[in-house]
Each structure stands twice: as structure tokens, then as C-alpha cells.
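We did not get these values from a lab; they are worked out from the coordinates using the rules stated. All figures in this text were calculated on a predicted structure; none of them were measured in a lab. Here the Cβ positions follow ideal geometry from the backbone for every residue, glycine too, while neighbour counts run over all protein chains shown.
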Amino acid sequence: MSTVDSALLGAYQAADYVVLDDPPIVFQIGVEHQGLSLLLLSFGAESASFLTAWNPRSGPLSADENLDRQMRLLDLIESERLNYFVGRGESSDGNWAEDSYLIFDLDPKTAMEWARAFEQNAWVWVPALGAAELVITEY
């Protein structure tokens with residue numbers, strides 16, 4: 001089991017998770033969001049995973065390195081022919097942001113494998129009905 005610094009865990013839990021739709025959908029951990037539920041249901045999705053490949057283990061990388069990692073994640077998503085939206089995780093004070101993907105109907109086991117492969121401390125599970133949950137990556 002992975003251990004995540006309590007300050008990082010708090011930052012993940014307090015972050016805004018943004019789905020870049022028109023208009024954008026901004027949701028938080030533990031808070032049910034009707035617009036997000038409607039988006040998932042409109043695609044016939046039972047759930048979604050919000051994942052990034054940026055900044056492994058929350059260690060900052062260059063923009064080029066992060067873009068390369070994010071493109072490799074996109075290749076995985078597209079090879080599985082999954083529906084997705086581009087997103088972003090960001091702090092409410094604007095000091096931190098990471099590009100992400102909201103991926104429909106990615107099973108939790110695969111989401112955990114992908115989070116592990118990209119060395120992410122955590123990822124977000126989004127049920128079609130209910131509040132988003134922060135999932136700590138198991139190593």
C-alpha cells in the first residue's frame with residue numbers, strides 16, 4: 001500500500017477537478033455534482049476515472065516531459081477505444097494544475113494499473129450517481 005504525505009492528500013482532496021466541456025464542469029471530492037452525473041449518463045457510462053500522467057509522485061517535471069507522459073496516457077485510452085474528455089486538476093488558489101482525462105467506464109483495476117504505471121499517488125473514481133472519490137494508488 002502506498003503512503004501519501006498528509007499535506008499532499010489534503011491538496012488532492014481540496015482540489016478542483018475540471019472537465020473541459022462547454023461550459024466546463026468543476027467538481028470536488030466527496031460532493032455529488034448533477035452536471036457531471038448528467039454527462040456520464042448521456043454517454044451511457046456507469047462510472048468514470050479522472051487520471052493524469054503529470055508529475056510522477058507529485059514531483060514536478062518540465063512541460064515537455066509532462067506532455068510526453070500525457071500523450072502516452074492518451075494512447076492507452078484511445079487503444080482501448082474509451083470515451084473521454086480532457087480535464088484538469090487544479091488548486092483553488094491557482095498555484096497548481098495538471099492536465100488530466102475523464103475516462104468513461106474504465107474499470108477500477110485498469111485505472112489502478114494505469115495510475116501505478118504513471119507513478120501517480122492517487123486518482124479519482126466518479127460513479128454516475130454519487131460523489132467522486134479519491135483513490136490512493138496501491139504499489
Looking at this structure, is Leu36 surrounded by 12 or more Cβ atoms within 10 Å (Cβ to Cβ), over 16 Å from the mean Cα position of the chain (by Cα) and more than 19 Å from Asn95 (Cβ to Cβ)? no
Regarding Trp125, is this residue touching a helix residue (DSSP H, G or I) at 6+ places or on another chain (Cβ under 6 Å) and under 21 Å from Gly10 (Cβ atoms)? no
Within segment 66-114, work out how many residues are of a type outside the set (Phe, Trp, Tyr) and within 15 Å of Ala132 (Cβ to Cβ). 10
For Phe118, only one of the following conditions fails: (1) closer than 17 Å to Ala11 by Cβ; (2) within 14 Å of the chain's Cα centre (by Cα). What is its number? (1)
I need the full set of residues from segment 58-69 which are under 23 Å from Leu9 (Cα atoms), exposed (fewer than 14 other Cβ atoms within 10 Å of the Cβ) and of a type outside the set (S, T, N, Q), in order please. Gly59, Pro60
